[in-house]
1. Calculate, for the chain, the solvent-accessible area per residue in square angstrom, rolling a 1.4 angstrom probe over the heavy atoms of the protein chains.
2. Starting from the exponent 0.38 and prefactor 2.2 Å, build the expected Rg for segment 101-197 from its residue count and divide its actual Cα Rg by it.
3. Could I get the Rg over Rh figure for segment 114-157? Both from C-alpha atoms, Rh via Kirkwood, rounded to two places.
4. What do you get for Rg/Rh over segment 56-162 if you use C-alpha atoms and the Kirkwood form of Rh?
5. For residue 36 and residue 226, compute 0.36 nm times the residue count separating them, minus their Cα-Cα distance, and round to one decimal in nm.
6. Which is farthest toward the positive dipole end of segment 97-225 among 97, 179, 223, measuring Cα position about the Cα centre, with Cβ charges +1 (Lys, Arg) and -1 (Asp, Glu)?
7. Per DSSP H run of n ≥ 4, the term is -39500 (n - 2.57); total these for the chain, divide by its residue number, and report the mean residue ellipticity at 222 nm rounded to 500 deg cm²/dmol.
8. Distances over 22 Å make up what percent of all Cα-Cα pairs in segment 40-119?
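The values are calculated or read from the model by the stated rules, or taken from the named source; none is laboratory data. Predicted model only: the values in this text are computed from it and were never measured. Because the Cβ atoms are built from the backbone with ideal geometry, glycine has one as well, and the counts that use them run over all protein chains shown. When the accessible area is computed, the model is the full protein with side chains, heavy atoms only, and any ligands, DNA or RNA have been set aside. Shrake-Rupley method; radii C 1.70, N 1.55, O 1.52, S 1.80 Å.
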Amino acid sequence: MLIAKKMDLREIRARGEVVRHPWELARFEVVCDLLKKYVGEKDRLNILDLGCGDTFFVENLAQRFTNSQFYGVDIEFADEDLEMLSDKLKDEPIQLFRTLDDLEAGAAPKAIDIVLLLDVVEHIEFDVEFLQMLHNKSYITDQTKIFITVPAFQSLYTSHDDFLGHYRRYDNTHLERTIQKAGFQKLKVGYFFGSLLPVRALKVVKEKLFGKDEESTGLVEWSGSKGKTNLIKNVLQLDYKIGQITGGKLPGLSNYIVINKDVRR
């Protein structure tokens, strides 16, 4: 069985009133920029967000891609989550499901144009098998494009990864090897948020010297002001744009890859 350990909903329940982390806001802009390189905002698309968490991302994406239909899937949905979020989104072009089986039993379209796997694959123990399963779905066609983000560099693994339920971190080579084994091909690969590398490197050194931090709580601990949040978000967006000048080759704390089926196989 393929089990994704996704923390977004658990984090949201833990922190109550939502204060969005600047990393989360900046990542949204990064993914939107990558999407626009392959599709237009006015295209009519079927977009599947796998591991959609509390639907922050898919809700905001629906404001950018206004002609599209969205499907959100997350195995962490409790019944009360589905009820509350479905009621909240009843007037939006967004349908929510706990599993892909539920999606397929209900509203799966004949073809999905875009699949989002945003900081999801690292939560899955058998990542190649998971991607192979996705590859074999009838609605994942030769034209479907899959956008994946993951944490970068195994050498930067810390207690924060343990808290989030990560099995591993990636790099360009590891990502390419993983998707190729699953029957996909790379369209674009790279890193982003290089400015965060020194902070994580210091944490790695600290944990090697003093042991792991048992209190690591991830996004739950962000409580910055709106001004501070926007400032850091803008710095991270600039960081991404600078990295794109090099084609995403500059190292960063996060990794992305855009893929589709390898029709040569």
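1. With the other protein chains kept in place, the chain gives 48 Å² per residue.
2. Working: Rg = 14.6 Å, N = 97, 2.2 N^0.38 = 12.5 Å.
This ratio for segment 101-197 stands at 1.17.
3. A ratio of 1.03.
4. Values: Rg = 15.2 Å, Rh = 15.6 Å.
Looking at segment 56-162, the ratio lands at 0.98.
5. Taking residue 36 through residue 226 to full extension adds about 65.7 nm, to one decimal.
6. Going by the charge dipole, the pick is 179.
7. It lands at -12500 deg cm²/dmol.
8. Percent of Cα pairs beyond 22 Å in segment 40-119: 15.
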